[in-house]
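The values are calculated or read from the model by the stated rules, or taken from the named source; none is laboratory data. Just so you know, these numbers come straight off a predicted model, no measurement behind them. No Cβ is skipped: glycine too gets one built from the backbone with ideal geometry, and neighbour counts run over all protein chains shown. Just so you know, the surface numbers come from the protein's heavy atoms only, side chains and all, with ligands and any DNA or RNA stripped out. Shrake-Rupley method; radii C 1.70, N 1.55, O 1.52, S 1.80 Å.
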Amino acid sequence: MRKTIIAGNWKMNTTADEASKLATEIKARLTGFNHAELLICPPYINLAQVSKVVNKSVIKIGGQNLYYEQSGAFTGEISGQMLKSVGCDYVIVGHSERRALFGETDELINRKLKAALDSELIPILCIGEQLEDREAGLTEKVLEKQLDGSLKEFPTDWMEKIVVAYEPVWAIGTGKTATPEQAEEVHRFIRDKLSQEFGGTVAEGLTILYGGSVKPDNSDSLFAEENIDGFLIGGASLKAESFERIAHSASKES
Ligand code: PGA
């Protein structure tokens with residue numbers, strides 16, 4: 001079933017103390033919130049302590065990345081089972097910063113998605129076009145390629161266990177948000193495309209998040225769109241108050 005998710009991607013922010021403080025404040029502000037699944041994704045090194053802070057609350061935690069092997073000689077990497085062992089339920093896979101700065105390919109992302117599912121984590125697959133793709137009218141082509149590559153050899157029942165996040169690269173951290181109409185058009189496209197491949201039931205049940213400069217002042221209008229099922233929030237998730245205000249967009253559904 002399609003789930004509403006409000007997710008915070010803290011990226012490479014927060015020291016240990018800051019992470020505990022932020023998680024504590026978010027938990028306090030959102031006690032009992034039940035309009036959406038609430039998720040925070042702190043840096044790896046802060047996951048275990050944040051997990052203790054949010055334990056038995058409505059806040060879930062997730063990793064920002066993982067490696068596709070479960071253990072072994074892979075210096076500096078973290079596996080799905082490690083994330084699971086500190087209490088993660090989710091993991092972000094293929095974020096545009098991983099693609100652009102760390103050379104992640106669709107093939108690698110495909111392996112990571114499978115590894116996440118093997119570890120019983122819910123992967124949030126990120127896709128999105130660059131500004132030049134959009135200006136050249138290539139948005140759908142780029143997304144299609146990312147989806148085809150990332151979801152290669154995916155059986156239908158796996159599709160029921162993943163979340164997709166549409167994050168136009170030109171909107172990430174830039175203050176430029178896609179308009180609700182622009183975002184809805186792409187979300188509709190993604191759902192239609194996946195419906196052709198995996199069937200209408202799976203596509204209708206798929207949660208598709210929007211990410212890219214989501215703020216309290218634009219989240220209501222984005223969330224009002226039929227195919228926007230929640231958000232992946234970067235900058236605005238680092239302040240408990242703005243994360244809370246964005247989460248409340250999910251309680252104003254018409
Ligand atoms: P932003 O980041 O909200 O700071 O634009 C979104 C993301 O990268 O997930």
**Request:** Collect the residues in the stretch 78-90 that are touching a residue at least 40 places away in the same chain (Cβ under 8 Å) and of a type in the set (A, V, I, L, M, F, W, C), keeping them in residue-number order.
**Result:** Cys88
**Complete:** Taking first residues from the stretch 11-30 that are free of Cβ contacts under 8 Å to residues at least 40 places away in the same chain and among the basic types (Lys, Arg) and second residues anywhere that are assigned to a helix (DSSP H, G or I) and more than 16 Å from the ligand (Cβ to nearest atom), the pairs with Cβ under 8 Å that are 6 or more apart or on different chains are Lys27/Val53; Lys27/Val54
**Prompt:** What number of residues within the stretch 113-133 satisfy the criterion of being surrounded by 20 or more Cβ atoms within 10 Å (Cβ to Cβ), within 24 Å of Phe189 (Cα to Cα) and not small (Gly, Ala, Ser)?
**Reply:** 8
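For the stretch 2-19, which residues satisfy the criterion of being away from the ligand (no atom under 13 Å from the Cβ), more than 16 Å from Pro123 (Cα to Cα) and loosely packed, with under 15 Cβ neighbours inside 10 Å?
If the condition is that a residue be away from the ligand (no atom under 13 Å from the Cβ), more than 16 Å from Pro123 (Cα to Cα) and loosely packed, with under 15 Cβ neighbours inside 10 Å, then Thr15, Ala16, Asp17, Glu18 are the ones that fit.
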**Subset of the stretch 3-48 (residues that are over 19 Å from Phe231 (Cα atoms), among the β-branched types (Val, Ile, Thr) and either outside any loop (DSSP other than H, G, I, E, B) or under 21 Å from the mean Cα position of the chain (by Cα) (or both))** = Thr14, Thr24, Ile45
**Request:** Please go through the stretch 160-174 and pick out each residue that is open to solvent by 10 Å² or more (accessible area, probe 1.4 Å), closer than 15 Å to Glu97 by Cβ and more than 6 Å from the ligand (Cβ to nearest atom).
**Result:** Val169, Trp170, Thr174
**Message:** So for the stretch 20-31 (the condition being open to solvent by 30 Å² or more (accessible area, probe 1.4 Å) and within 16 Å of the ligand (Cβ to nearest atom)), does at least one residue qualify?
**Reply:** no
**Asked** Residues of the stretch 193-220 being within 18 Å of the chain's Cα centre (by Cα) and open to solvent by less than 20 Å² (accessible area, probe 1.4 Å), which ones?
**Response** Leu194, Ala203, Leu206, Thr207, Ile208, Leu209, Tyr210, Gly211, Gly212, Ser213, Val214, Ser219
**Request:** Please identify the pairs in which a residue from the stretch 224-236 that is more than 21 Å from Ile61 (Cα to Cα) and more than 6 Å from the ligand (Cβ to nearest atom) has its Cβ atom under 6 Å from the Cβ atom of a residue that is at pLDDT 95 or above and open to solvent by 10 Å² or more (accessible area, probe 1.4 Å), counting only partners at least 6 apart or on another chain.
**Result:** Glu225/Pro180; Glu225/Glu184; Asn227/Glu184; Asn227/Arg188
**Request:** For residues that are touching a residue at least 40 places away in the same chain (Cβ under 8 Å) and open to solvent by 70 Å² or more (accessible area, probe 1.4 Å), tally how many sit in the stretch 134-143.
**Result:** 1
**Prompt:** Looking at (1) open to solvent by 10 Å² or more (accessible area, probe 1.4 Å); (2) at pLDDT 95 or above; (3) over 21 Å from Lys27 (Cβ atoms), can you tell me which one Lys239 breaks?
**Reply:** (3)
**Prompt:** Being over 16 Å from the mean Cα position of the chain (by Cα), within 16 Å of the ligand (Cβ to nearest atom) and under 26 Å from Phe189 (Cβ atoms), is that true of even one residue in the stretch 76-98?
**Reply:** no
**Message:** Looking at (1) within 11 Å of the ligand (Cβ to nearest atom); (2) farther than 30 Å from Asn13 by Cα; (3) of a type in the set (S, T, N, Q), which one does Ser242 not meet, given that it meets all the others?
**Reply:** (2)
